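Trainee: My questions all concern the structure below.
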């Protein structure tokens, strides 16, 4: 699958203000500074679609991007949270949880994990949270070009091994580099398949 047009649509303070849930939607989330904006830009082949920033915590709302007028990419705030007040953090957590659990057209969540690091408690906790909420997700290991391949492979393997301790089935995972466009075709291929399944399911309901 190839993306022909990608346009920023709206930023919403909670899921009730999001666009009408009439098409498939894929949310991207990860710890602050995991390379989320770079990955979204790489998938859409547009350099400055999602705003990249050196300062963590830049994304603070639910950001929708209209893709080919037929599906949405959603950029969510990071769950590592930048240095913000306890109140602000609680608001963000509630906004993210409500969106993930109540947004009816959300097909899957792409959880971004920095491939340069060994398994992080924060990532594993978030993955387990989605499991508890029965929300489908995939893992995207980012920044694979910033470290040697042996280290990246070991970190990915260790993360999946950690998950195996409590998970019977592991989700699909991708190793990516925004710089080298690595993993792009595979992720878009999966989204293409899920879009098709979403439409078939919608047709059956009608």
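No lab work stands behind these numbers, since they all come straight from the coordinates. Just so it is clear, the model here is predicted, and its values are computed rather than measured.
Trainee: Taking only Cα atoms and a 10 Å spring cutoff, compute GNM fluctuations for the chain and point out the largest among 63, 128, 33.
Mentor: Most flexible of the set in this elastic network: 128.
Trainee: Could you please tell me the mean projected area of the C-alpha convex hull for the chain, averaged over all directions and given in square nanometres to one decimal?
Mentor: Hull-based average projected area comes out at 11.5 nm².
Trainee: So what is the relative contact order of segment 6-205, in percent, for Cα pairs below 8 Å that sit 6 or more residues apart?
Mentor: Taking the mean separation of contacting Cα pairs over the length of segment 6-205, I get 23 percent.
Trainee: Mean residue ellipticity at 222 nm from the helices of the chain, using -39,500 (n - 2.57) per DSSP H segment of n ≥ 4 over the full residue count, to the nearest 500 deg cm²/dmol?
Mentor: Helices in the chain give a 222 nm mean residue ellipticity of -12000 deg cm²/dmol.
Trainee: Rounded, prolate or oblate: which fits segment 77-125 when a ≥ b ≥ c are the square roots of the eigenvalues of the alpha-carbon gyration tensor, with rounded for a/c under 1.5 and prolate only if a/b beats b/c?
Mentor: Values: a/c = 2.71, a/b = 1.13, b/c = 2.41.
Oblate.
Trainee: Which of rounded, prolate, oblate describes segment 103-206, given a ≥ b ≥ c as roots of the alpha-carbon gyration tensor eigenvalues and a/c under 1.5 marking rounded, otherwise prolate only if a/b is larger than b/c?
Mentor: oblate
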